[in-house]
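Enquirer: This is the structure I have questions about; it appears just below.
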Amino acid sequence: MGLNRNVSLSAGLGYKGGGPYLTYILHRIGGSALFIFFTVYILSLLGLESMQALMGNWIFQTFMLTFGLFHAINGLRISILDLSPKLIEHYRTAITIEWMVYVLVAGFALFVVFRNAFGG
Amino acid sequence: MEVTVKIFRYSPEKDERGHYETYTVEAHENERILDVLELVKGHKDGSLAFRRSCAHGVCGSDAMRINGRNMLACKTLVRDVGANITVEPLLGLKVEKDLIVDMDPFFDNYRKMLPYLINESPLPADGKERLQSPEQRARFDETTKCILCAACTTSCPSFWASEEYYGPAALMAAHRFVFDSRDEGASQRLQILSETNGTVRCHTAYNCTNACPRDIHITQAIGELKMAMVTGNLE
């Protein structure tokens, strides 16, 4: 007797883990975005015109860059801390630096996307 | 002050699924959430079930989700969480009644870490004790503080996904002995940790570190275990 142990997606996402947990969630979303990106990319290389059009779509590019870049930069932070366990003590500082780098890199990337889309 | 506390309720005899009930009690802002639960149980609804023992943050009995985050009810004050409080059982363990969860899977994982000193060597010449320098003792001091409250393990997304994952608390037990200079079972434990349900399932969400009522740097200790598995260095 007793309630099932299963944790629903909403219960998991509702856990108040703060900033570090947010990066964990965004990392999963970013990983999924990269999977979609590579699928579309490979299909476009195979000559599917609809996929080639999607690759050139600024909304698609914005979505991929926003989440894909976060995945890459967060992954770099995780790798650095994994290789230097002593630094894990400063994980909050590392996450703050990560966000600063992300805003700069993603900001520049999105500027280029928007300029190409609307700059004429 | 008037405190409104919303509590998850589940009775296996009556309910198919859990529900929430809201109670209003008078409590001082310096009172603990455990005191608020005692007020509800004593004055509002005697059927409310929750674990408690020492009530001073040592036994680890009263870990629960308070306003969406794992905490010890006896170490959390009303002023820390405000006048509107939601109390729920720990995630990832079967709920037996109200705030009481089945801790068996948690302790099963703990026992898999061989949480005791392994040393088959003969005692020193004086036959008394195996000596250790303060530096050697300090190496694993952090993880001796664990009180097995399960706040860390039940805040871990990997454990939510599968209770087969040993979880942060079990890994802390392993860390405590792996880095003990008197212990000779490190390779045995590192072998266990290298299995599918070992350290590889830690994805550094840091929920465990944030939830620990003893402020143990859990993710860092798991990182040290990962590094020891790769390098074999136990310094």
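The values are calculated or read from the model by the stated rules, or taken from the named source; none is laboratory data. Keep in mind the model is a prediction, meaning the values are calculated, not measured. Every residue, glycine among them, receives a Cβ derived from its backbone with ideal geometry; neighbour counts consider all protein chains shown. Protein only, heavy atoms only, side chains kept; ligands, DNA and RNA dropped before computing areas. Shrake-Rupley method; radii C 1.70, N 1.55, O 1.52, S 1.80 Å.
Enquirer: In segment B:158-167, which residues are open to solvent by less than 10 Å² (accessible area, probe 1.4 Å) and free of Cβ contacts under 8 Å to residues at least 24 places away in the same chain?
Expert: none
Enquirer: Could I ask something else about it? Do we have any residue at all in segment B:100-116 that's assigned to a strand (DSSP E or B), more than 16 Å from the chain's Cα centre (by Cα) and within 30 Å of B:P12 (Cβ to Cβ)?
Expert: Checking segment B:100-116: not a single residue is assigned to a strand (DSSP E or B), more than 16 Å from the chain's Cα centre (by Cα) and within 30 Å of B:P12 (Cβ to Cβ).
Listed here are the residues, each with its yes/no results for (1) within 29 Å of B:C54 (Cα to Cα); (2) within 14 Å of chain A (Cβ to nearest Cβ); (3) in contact with a Phe, Trp or Tyr (Cβ under 7 Å, 6 or more places away or on another chain).
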| site | (1), (2), (3) |
| --- | --- |
| B:E163 | yes, yes, no |
| B:Y166 | yes, no, no |
| B:G185 | no, no, yes |
| B:I192 | no, no, no |
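Enquirer: Now for a separate question. Select from segment B:49-74 the residues that are away from every other protein chain (no Cβ under 11 Å) and touching a Leu at 6+ places or on another chain (Cβ under 7 Å) and list them in ascending order.
Expert: Residues satisfying the conditions are B:A49, B:F50, B:R52, B:A55, B:G57, B:G60, B:D62, B:A63, B:M64, B:A73, B:C74.
Enquirer: Go through (1) under 30 Å from B:A55 (Cβ atoms); (2) open to solvent by 10 Å² or more (accessible area, probe 1.4 Å); (3) part of a helix (DSSP H, G or I); (4) more than 14 Å from chain A (Cβ to nearest Cβ) one by one and return the number of the condition B:C208 breaks.
Expert: For B:C208, the exception is condition (4).
Enquirer: If you don't mind, another one. Which residue is nearest to the other protein chains (Cβ to nearest Cβ), if the candidates are limited to segment B:101-127 and must be among the charged types (D, E, K, R) and touching a residue at least 12 places away in the same chain (Cβ under 8 Å)?
Expert: Of the residues in segment B:101-127, the ones among the charged types (D, E, K, R) are B:102, B:104, B:108, B:111-112, B:120, B:126.
From what is left, the residues that are touching a residue at least 12 places away in the same chain (Cβ under 8 Å) are B:112, B:120.
Details: B:K112: 18, B:E120: 30 Å.
Out of the qualifying residues, it is B:K112.
Enquirer: For segment B:75-95, does any single residue satisfy the condition of being open to solvent by 30 Å² or more (accessible area, probe 1.4 Å), within 14 Å of the chain's Cα centre (by Cα) and either at pLDDT below 95 or within 12 Å of another protein chain (Cβ to nearest Cβ) (or both)?
Expert: no
Enquirer: Another one. Any idea which of B:G223, B:G198 is within 14 Å of another protein chain (Cβ to nearest Cβ), within 30 Å of A:L13 (Cα to Cα) and in contact with a helix residue (DSSP H, G or I) (Cβ under 8 Å, 6 or more places away or on another chain)?
Expert: On the way: B:G198 fails: within 14 Å of another protein chain (Cβ to nearest Cβ).
Selected residue: B:G223, the only one of B:G223, B:G198 that is within 14 Å of another protein chain (Cβ to nearest Cβ), within 30 Å of A:L13 (Cα to Cα) and in contact with a helix residue (DSSP H, G or I) (Cβ under 8 Å, 6 or more places away or on another chain).
Enquirer: Name the residue, out of B:A174, B:A151, B:A186, B:A170, that is surrounded by fewer than 20 Cβ atoms within 10 Å (Cβ to Cβ), of a type in the set (A, V, I, L, M) and on the phi < 0 side of the Ramachandran plot. Before you say what the answer is, go through the steps one by one.
Expert: On the way: B:A174 fails: surrounded by fewer than 20 Cβ atoms within 10 Å (Cβ to Cβ); B:A151 fails: surrounded by fewer than 20 Cβ atoms within 10 Å (Cβ to Cβ); B:A170 fails: surrounded by fewer than 20 Cβ atoms within 10 Å (Cβ to Cβ).
It is B:A186.
Enquirer: Considering only segment A:1-25, state which residues are touching a residue at least 24 places away in the same chain (Cβ under 8 Å) and either surrounded by 17 or more Cβ atoms within 10 Å (Cβ to Cβ) or within 8 Å of chain B (Cβ to nearest Cβ) (or both).
Expert: Residues of segment A:1-25 touching a residue at least 24 places away in the same chain (Cβ under 8 Å): A:19-20, A:23.
Result: A:P20, A:T23.
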